[in-house]
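Trainee: There's a structure below that I have some questions on.
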Ligand code: UD1
């Protein structure tokens with residue numbers, strides 16, 4: 001059986017790692033297509049190296065652009081690749097422009113599509129990711145839902161028959177990475193900045209709703225600067241670009257502006273943080289799984305399970321953000337609702353079962 005993974009953005013490389021390992025272990029012929037949506041080495045190459053992912057078979061090199069330009073370039077680039085490799089399945093990951101383009105290109109060529117991380121909903125249609133998720137789910141033949149909540153959303157949309165709950169692949173890779181980080185005693189923020197565990201915040205901000213409005217971006221940066229502890233701000237290229245364009249200074253007192261971290265270091269940095277402040281879907285869930293309180297600068301989250309017991313709190317910039325970030329650590333353990341750490345193995349088995357019906 002031949003399965004083609006189409007990936008292009010940072011969080012997709014993390015999800016690809018356990019899938020690549022599980023597919024190869026079960027003898028599935030795995031073809032990897034990198035769309036080139038993310039091209040900076042710190043957003044792309046380091047993930048392939050650190051997480052020991054096989055090198056992509058094809059690189060489309062589409063680069064940045066408006067949503068239409070980027071999505072269109074991926075669509076056009078995929079047609080000949082799908083024809084050449086003729087996979088039995090195309091696997092689309094998450095909710096980026098690479099995801100929706102992969103699902104559309106394959107379904108138009110009558111190639112079966114599976115969607116990993118199906119059924120997540122923020123119910124905020126201003127987010128490009130929400131549109132990408134909905135369209136991808138409806139174009140897909142197999143919906144790999146990470147949670148019961150995601151499966152329930154799919155059932156509401158009439159997609160229950162194509163749905164399988166498999167758990168969350170990011171949990172697979174996080175558990176393995178955190179275990180080796182603890183074993184090795186990794187503490188990258190202490191090494192680079194001298195801050196002990198529990199004395200700093202780790203922050204990332206990259207959503208267009210937060211970065212593309214000067215007043216909101218300024219309010220977020222001011223809030224980070226007002227926290228009593230140092231803030232390590234890992235800057236996505238979009239944040240740097242927008243801050244320059246909107247004339248917002250990211251180097252306020254208390255804020256250490258840094259490049260994005262390679263995945264193992266990110267996990268170790270989050271593990272030792274007093275708290276995480278983010279608008280990233282992946283990082284809010286990773287922090288939750290690591291038992292680190294998270295403050296999410298968004299009006300809603302698709303990972304609603306993280307909100308239970310106060311491990312994750314949704315805030316607006318300003319006093320709400322500051323108060324939430326400085327809250328006490330909840331006294332209950334985060335519930336293990338994201339699978340058993342073997343989601344990729346379950347997905348591989350599911351595909352092999354499907355193979356007998358082909
Ligand atoms: C994309 C995803 C988002 C995901 C995020 C993870 C969509 C619609 N959004 O957002 O869901 O959470 O990836 O990081 O697909 N840039 C670079 N170098 C790069 C990549 C981007 O400098 O390697 C800059 C460019 O100025 C580009 C901007 O960042 O225009 C935005 O990149 P893009 O891939 O369009 O979206 P992300 O914000 O990264």
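Trainee: Pairs of alpha-carbon atoms within less than 8 angstrom and 6+ residues apart define the contacts here; what relative contact order does the chain have, in percent? Before the final figure, lay out each step's value.
Mentor: Values: 691 pairs, mean separation 55.3, N = 358.
Reported relative contact order: 15 percent.
Trainee: Subtract the Cα-Cα distance of residue 353 and residue 109 from 0.36 nm times their separation in residues, and report this length gain in nm to one decimal.
Mentor: Length gained between residue 353 and residue 109: 85.5 nm.
Trainee: In a solvent-free Debye calculation with one equal scatterer on each Cα, what is log10 I(q)/I(0) for the range 47-91 at q = 0.13, 0.16, 0.17, 0.30 Å⁻¹, listed in the order of the q values?
Mentor: -0.40, -0.59, -0.65, -1.04
Trainee: Could you tell me how many cubic angstrom of Cα convex hull volume the range 1-120 has per residue?
Mentor: Considering the Cα atoms of the range 1-120, their hull volume per residue is 95 Å³.
Trainee: For the Cα atoms of the chain, what angle does the longest principal axis make with the long axis of helix 169-184, in degrees from 0 to 90, nearest 10?
Mentor: 50
Trainee: Given only helices, namely DSSP H runs of n ≥ 4 each adding -39500 (n - 2.57), what is the per-residue ellipticity at 222 nm of the chain, to the nearest 500 deg cm²/dmol?
Mentor: -13500 deg cm²/dmol
Trainee: What list of whole percents do you get for P(r) of the range 195-319, with Cα-Cα distances grouped in 5 Å bins up to the one holding the largest distance?
Mentor: P(r) over the range 195-319, rounded to whole percents: 2, 12, 24, 25, 21, 12, 4, 0.
Trainee: Using only the Cα atoms of the chain, what do you get for the radius of gyration and for Dmax, in Å?
Mentor: 19.7, 61
Trainee: Hey, another quick one. Quick one: if the Förster radius is 22 Å, what FRET efficiency do residue 196 and residue 49 give, using the C-beta to C-beta distance and rounding to 0.05?
Mentor: 0.15
Trainee: Kirkwood hydrodynamic radius (Cα pairs, Å) of the range 7-58?
Mentor: About 11.0 Å for the range 7-58.
Trainee: Here is a further query. I'd like the antiparallel share, as a percent to the nearest 5, of DSSP beta bridges with both residues in the chain.
Mentor: 0
Every number here is computed from the coordinates shown, using simple stated rules; none is lab data. Bear in mind the structure is a predicted one, so any value in this text is a computation, not a measurement. A quick note on method: Cβ atoms are made from the backbone with ideal geometry, for glycine too, and the neighbour counts reach across all protein chains shown.
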